[in-house]
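The values are calculated or read from the model by the stated rules, or taken from the named source; none is laboratory data. Owing to the predicted nature of the structure, the values given are computational and were not obtained by experimental measurement. FYI the Cβ positions are ideal-geometry reconstructions off the backbone, even for glycines, and counts take in every protein chain you see. Side chains included, ligands, DNA and RNA excluded: accessible areas come from the protein's heavy atoms. Shrake-Rupley method; radii C 1.70, N 1.55, O 1.52, S 1.80 Å.
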Amino acid sequence: MVVTIRSLGLQGIKGYEVSVECALSGGLPAFDVVGLPDAAVKESRERVRAAIKGCGAKFPVSRITVNLAPAALRKEGTVYDLPILLGILAAQGDIEPPGEETAFLGELSLTGALRPITGILPMAMAAARAGVRSLYVPAENAAEATLAGGLTVYPVESVETLLSHLRGREAIPPAPPWSPEAGSEAGPDFAEVMGQENVKRALEIAAAGGHNILLIGSPGAGKSMLARRLPSILPDMTRQEALEATEVWSVAGLTDRRRPLLLRRPFRSPHHTVSAVALAGGGAFPRPGEISLAHNGVLFLDELPEFSKDAMEVLRQPLEDGEVTITRTAGSICLPSRFMLACAMNPCRCGWRGHPSGRCTCTEAMVEKYTARISGPMLDRMDLHVEVPSVEFEAMRRREKPESSAQVKVRVNAARARQAERFAGTGAACNAHMTAAMVGEFCRLDGAGERILKAAFDRMGLTARSHDRILRVARTIADLEGEESISAAHLAEAIQYRNTQILRK
């Protein structure tokens, strides 16, 4: 007898349906799993055998063949333990085969308890698309599975309770749809930062338009502190954006029962020793890297020149395309990577160039060598280059409280609302995502603006990319002011953020 149990699998960060076919036949006892299983799937034989005996059922003394279809796709992980167990029990008549609108996921312990698995959200969303109506998952994963919508999710603690439910003895109550608790998570606030008003203004512009930003200043000026407060002024994620980001985190195993959905935009800050593979993602079986974990959020690179050349250059294509394609012998996957890049660096190796104390010991050649670690193409992809000066004593001792993140966020949200209305139906979410054609349509200049931009283009040696990026930033500044058109003042402010000479003062 052959019994088919519906289940799900992962390919990159996308879920797909898997049919677990179980057949019992005569011959010498054996237990084979086919369908391109990895080592973890093959080891399910021992977990399933122990779990069946642990729940009081009889393990069949016959030839057991389990096929995971489609057989052409590689199967990974421990997600198939539970459907394999149910297929064996149904094949030998211990339980009735589950209905066609039912699917099962879960890893088994030797005692029959279910352990949580990773990637439950994309698999639950794939189940909903495939017409599954009832999804049985480990209890730890139930809250996350409910986020998919359109499913009745049953939290399973153990094989024993599941068998009791399937036999109609004691029903498992469905998991209620997850909703966040009242109150938001507190984070670093701009109200804690004294001085640096020009840098705060640049961060506000970056947040309002989704622009990349580079902070340059001496040690202790507050570059890292300011960058870490950037998430506090970013606009709230839409439901779709939150699900997209959570899918990536779910596959990486970063979600949990208490917080199954990302409520704030992600902020990733890898150490400068990170490899190119860790940033872009990959491995023998490709997995998301830091740039995908920062999807719909911020990727912060502190001490930018200390990152390896390979690590910095791997960012170039994702910054333009909003996705990264990883190809390995095991397959090729496309991962989302639409993030805002924030970087911080010192102006020289010792860090004190331009500081009022005059303690810098670097020669011009040493400064050139240090700043040359950042390639021209990489620097050209930064929308705002901002000098972070040393904080004056009077600013540190002033008593009036600086503007809070909540106050700044009101203006950012208003600017993003204008952009959402402007780009409705285009696929662009903010000004930073405008295509060249959209820049030409939405960033028109008057005569004074044309003269200013031409003078800057000739004097600064701008590229076509930096030309468009200046216009995108100017469009954001106009949105913050509530203006429909870009004025000469908006354009002038945008141009001052392209002053790359601050790297070589």
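Summary of computed values
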| quantity | calculated |
| --- | --- |
| Within segment 1-47, strands (runs of 3 or more DSSP E) holding 1 or more residues that are of a type in the set (D, E, K, R), closer than 24 Å to residue 248 by Cβ and modelled with pLDDT of 95 or more | 14-25 |
| Complete set of residues in segment 57-108 that are closer than 22 Å to residue 166 by Cα and among the charged types (D, E, K, R) | 58, 81, 94, 96, 100, 101, 107 |
| Qualifying residue in segment 168-177 (condition: open to solvent by 10 Å² or more (accessible area, probe 1.4 Å) and touching a residue at least 60 places away in the same chain (Cβ under 8 Å)) | no |
| Tally of residues being of a type in the set (Ser, Thr, Tyr) and either open to solvent by 60 Å² or more (accessible area, probe 1.4 Å) or in a loop (DSSP other than H, G, I, E, B) (or both) across segment 454-498 | 4 |
| Subset of segment 242-268 that is crowded, with 17+ Cβ neighbours inside 10 Å and among the small types (Gly, Ala, Ser) - its residue that is farthest from residue 178 (Cα to Cα) | 252 |
| Residue tally, condition touching a helix residue (DSSP H, G or I) at 6+ places or on another chain (Cβ under 6 Å), buried (at least 23 other Cβ atoms within 10 Å of the Cβ) and hydrophobic (A, V, I, L, M, F, W, C), over segment 94-117 | 3 |
| Residue among 416, 444 that is modelled with pLDDT of 90 or more and in contact with a Pro (Cβ under 7 Å, 6 or more places away or on another chain) | 416 |
| Hits in segment 450-463 - residues which are out of contact with any His (no Cβ under 8 Å at 6 or more places or on another chain) and at pLDDT below 90 | 456, 458, 459, 460, 461, 462, 463 |
| Residue match in segment 50-64 (condition: assigned to a helix (DSSP H, G or I), open to solvent by 50 Å² or more (accessible area, probe 1.4 Å) and farther than 24 Å from residue 333 by Cβ) | yes |
| Identity of the residue in segment 65-79, in contact with a strand residue (DSSP E or B) (Cβ under 6 Å, 6 or more places away or on another chain) and either open to solvent by 10 Å² or more (accessible area, probe 1.4 Å) or among the hydroxyl-bearing types (Ser, Thr, Tyr) (or both), that ends up nearest to residue 284 (Cα to Cα) | 78 |
| Residues satisfying the stated conditions in segment 70-98, i.e. among the β-branched types (Val, Ile, Thr) and part of a loop (DSSP other than H, G, I, E, B) | 78, 79, 95 |
| Some residue of segment 267-284 being in a loop (DSSP other than H, G, I, E, B) and modelled with pLDDT under 90 | yes |
| Criterion violated by residue 305 - all others in (1) assigned to a strand (DSSP E or B); (2) open to solvent by less than 10 Å² (accessible area, probe 1.4 Å) satisfied | (1) |
| Exclusive hit being open to solvent by less than 60 Å² (accessible area, probe 1.4 Å) and more than 30 Å from residue 288 (Cβ to Cβ), set 91, 40 | 91 |
| Filter pass, residue 298 being at pLDDT 95 or above and open to solvent by less than 30 Å² (accessible area, probe 1.4 Å) | yes |
| Hits in segment 129-147 (condition: closer than 15 Å to residue 16 by Cβ and open to solvent by 30 Å² or more (accessible area, probe 1.4 Å)) | 129, 130 |
| Qualifying residue in segment 315-324 (condition: surrounded by 14 or more Cβ atoms within 10 Å (Cβ to Cβ), touching a residue at least 40 places away in the same chain (Cβ under 8 Å) and assigned to a helix (DSSP H, G or I)) | yes |
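To keep it simple, each residue is scored yes or no on (1) touching a residue at least 60 places away in the same chain (Cβ under 8 Å); (2) part of a helix (DSSP H, G or I).
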residue: 219; (1), (2): yes, no
residue: 235; (1), (2): yes, no
residue: 244; (1), (2): yes, yes
residue: 257; (1), (2): yes, no
residue: 264; (1), (2): yes, no
residue: 292; (1), (2): yes, yes
residue: 296; (1), (2): no, no
